[in-house]
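**Student:** Attaching a single structure in structure tokens format; questions to follow.
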Amino acid sequence: MPKIKVPRKSTLIDMTAMCDVAFLLLTFFMLTTQFKSDESVIVDTPSSISEIKLPDTDILNITISADGKVFFNIDNKNFSRERLLQKISERHPELQFSPEEIKAFVLTGSVGVPLNQLKGFLALDEFDRKSYQQPGIPIDSTNNELSTWIMQGRLSNPNVRITIKGDQSCPWPVVKKVMNTLQDKNVNKFNLITDLEADPNKLKGI
Amino acid sequence: MAELEQKQSGKKGKKKGRKKMSTRIDLTPMVDLGFLLVTFFMLTTTFSKPQTMEINMPVKPKEEVIEEEQNAVKASKALTLIIDGENKIFWYQGLPGEENLPVETNFSADGIRKVLVEKNMTIAEMVVLIKPTDEANYKNVVDILDEMNISNIKRYALVDITPLDLELIKNL
């Protein structure tokens, strides 16, 4: 019987196609990516069926952590963060900020310190500032600094949209206080940031 | 250039010029690099913008009298939801009293959603009053606001809890 010879094939495969795919995906992710902004607190938002997307700019965000601390954040479109700090200095003449402190404030994300600790907070170097446990902005009726932040924030960027990003387990009285503060400043329309969940009405249709 | 001349003289009979190199390069390291970067961007990306739920609060009335008048008009068409801690929820229709006690239900599809859909069909121009107690958490309130969207109820309001309501649910 003649021997059947199995022809030996090369184990090398053409990598060109795979390379193409890899770089196609790479390009896609590079173009669509937006880096996560470093948050000072981790917030697990509740879910809703609402599908309204939030724009990237003109956002004034009030974050409420699970333990009821309140943080303030505003995006820096048209240098509104710098202006915000200047306006706070005008309102509180005892608080004057150096150019370095203004720069630090622009680069920081959410702020959750009382006004009298703000200078000290901004004096920390970048790394310490991230790990610093911020005590939250006072929202008591006697010392409601959140209302100052909101008012100056709106003055520094009049087109701002106000959003509340609360943790699922944060107690309602805190949220109520924040909402009351907003209403006292005549903000009657605001957005609650939520995760997406399936709409049961649409599910029925499937 | 002496070398070159030597070579030429050495390979006299052969017509081969330069040695033909293969144009194929090993792409494996490049693919490795590509996928590494893909993984990096995949993990760091925030794919979608956050969702948001828009909420309009009524303008705060300047005088208490006006508020009372507003409430008086609504009473017959009102459905009140009281959100308590531990994911409990109570509801009653109209004015509460001995014969109109709050009913306990839960956040499931058979619980509050059923009630809302039923009442929305029977009561014309229903107004839902949402009263979270101090024990309620943010998730409960957002869930209820979401139920309003699901049941397509347009008229609802977040209202402060009254001592009477607290009394009623305590006695249940």
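**Student:** Relative contact order for the range B:74-171: what is it in percent, counting Cα pairs under 8 Å that are at least 6 residues apart?
**Tutor:** Result for the range B:74-171 is 32 percent.
**Student:** Now, a different point. Lys/Arg Cβ at +1, Asp/Glu Cβ at -1, dipole of chain A taken about the Cα centre: which of A:Thr163, A:Ile13, A:Pro173 is farthest positive-ward?
**Tutor:** Value computed over the given set: A:Ile13.
**Student:** How do B:Met121, A:Met15, B:Met21 rank when sorted from fewest to most other Cβ atoms within 10 Å of their own Cβ?
**Tutor:** Lowest to highest Cβ neighbour count: B:Met21, B:Met121, A:Met15.
**Student:** Next up: Mind giving me the FRET efficiency for B:Ser108 and B:Asn56? R0 is 35 Å, r the Cβ-Cβ distance, nearest 0.05 is fine.
**Tutor:** On the way: r = 28 Å, r/R0 = 0.79.
The calculated FRET efficiency here is 0.80.
**Student:** From the P(r) of the protein assembly as shown, can you give the percent of Cα pairs sitting at distances over 35 Å?
**Tutor:** Here the long-distance tail beyond 35 Å is 47 percent of all Cα pairs in the protein assembly as shown.
**Student:** How much net charge surrounds B:Ile112 when only the other residues with a Cβ under 13 Å from the Cβ of B:Ile112 are counted, with Lys and Arg +1 and Asp and Glu -1?
**Tutor:** It works out to a net charge of -3.
**Student:** Give the dimensionless ratio obtained when the Cα radius of gyration of chain A is divided by 2.2 N^0.38 Å.
**Tutor:** 1.50
**Student:** Provide a whole-number value for the mean count of partner chain Cβ atoms within 10 Å of the Cβ atoms in peptide A:163-173.
**Tutor:** Values: counts 4, 4, 2, 5, 3, 6, 4, 3, 7, 14, 6.
What the average comes to for A:163-173 is 5.
**Student:** Related question: Could you work out [θ]222 nm for chain A from helices alone, using -39500 (n - 2.57) per DSSP H run of at least four and dividing by all its residues? Round to the nearest 500 deg cm²/dmol.
**Tutor:** About -12000 deg cm²/dmol.
**Student:** Dipole magnitude of the range A:48-196 about its Cα centre, charges +1 at Lys/Arg Cβ and -1 at Asp/Glu Cβ only, in debye to the nearest 20?
**Tutor:** Computed about the Cα centre, the dipole is about 400 debye.
**Student:** Could you give me the ³J(HN,Hα) list for the range A:90-102, computed from phi with Karplus coefficients 6.51, -1.76, 1.60 and θ = phi - 60°, whole Hz, x at Gly and Pro?
**Tutor:** Result, ordered by residue: 5, 6, 10, x, 6, 9, 10, 10, 7, x, 5, 5, 5 Hz.
**Student:** Where the only charges are on Cβ atoms (+1 Lys, Arg; -1 Asp, Glu), what is the dipole of the protein assembly as shown about its Cα centre, to the nearest 20 debye?
**Tutor:** Dipole about the Cα centre, nearest 20: 4020 debye.
**Student:** With r as the distance between the Cβ atoms of B:Met42 and B:Asp160 and R0 = 51 Å, compute the FRET efficiency 1/(1 + (r/R0)^6) and round to 0.05. All intermediate terms of the calculation are to be shown ahead of the outcome.
**Tutor:** Numbers: r = 46 Å, r/R0 = 0.91.
In this case the efficiency is close to 0.65.
**Student:** Please list, in order, the residues from the range A:151-172 whose amide nitrogen is less than 16 Å from a point placed 7 Å along the Cα→Cβ vector of A:Thr57.
**Tutor:** The answer is A:156-161.
**Student:** Quick one: compute the contact order of the range A:48-196, relative version, from alpha carbon pairs under 8 angstrom and 6+ residues apart, as a percent.
**Tutor:** Reported as a whole number, the value is 33 percent.
**Student:** Under 5 Å between amide H atoms, partner at least 5 residues away or on a different chain: which partners does A:Arg161 have, H built in plane at 1.01 Å?
**Tutor:** Those qualifying (amide H under 5 Å, at least 5 residues apart or on another chain) are A:Ile59, A:Leu60.
**Student:** Let me ask something additional. Need one number: % antiparallel among DSSP beta bridges in chain A, to the nearest 5. Walk me through the intermediate numbers first.
**Tutor:** Working: 7 of 17 bridges.
For chain A, the DSSP antiparallel bridge percentage is about 40.
**Student:** Still on this structure: Once you've got the GNM for chain A with C-alpha springs shorter than 10 Å, pick whichever of A:Lys177, A:Lys119, A:Lys189 has the biggest mean-square fluctuation.
**Tutor:** So, out of A:Lys177, A:Lys119, A:Lys189, the one fluctuating most is A:Lys189.
**Student:** 7 Å from Cα along Cα→Cβ at both B:Glu167 and A:Ile42: what's the point-to-point distance in nm?
**Tutor:** About 4.6 nm, to one decimal.
**Student:** If you don't mind, there's one more thing I want to ask. Provide a whole-number value for the mean count of partner chain Cβ atoms within 10 Å of the Cβ atoms in peptide A:76-82.
**Tutor:** Taking the mean over all residues of the peptide, I get 0.
**Student:** Follow-up question, since we're still on this one. Highest GNM mean-square fluctuation, chain A, Cα pairs closer than 10 Å: which of A:Lys77, A:Lys185, A:Lys53?
**Tutor:** Result for chain A, Cα springs under 10 Å: A:Lys53 fluctuates most.
**Student:** Give the span of the range B:87-158's Cα atoms along each principal axis, as three whole-Å numbers ordered largest to smallest.
**Tutor:** On the principal axes, the range B:87-158 reaches 30, 29, 23 Å in Cα extent.
**Student:** Sticking with this one: For a quick protection proxy, order the peptides A:107-118, B:132-143, B:32-43 by their average other-Cβ count within 10 Å, most packed first.
**Tutor:** The peptides rank, most packed first, as B:132-143, A:107-118, B:32-43.
**Student:** Next up: Can you figure out the FRET efficiency of B:Thr23 with A:Leu31, using R₀ = 51 Å and their beta-carbon distance, to the nearest 0.05?
**Tutor:** For B:Thr23 and A:Leu31, the calculated efficiency is 0.95.
The numbers here are math on the coordinates, done by the rules we state, and not lab data. The model shown is predicted, which means the values in this text are computed figures rather than measured ones. With ideal geometry, Cβ positions are generated from the backbone for all residues, glycine too; neighbour counts draw on all protein chains shown.
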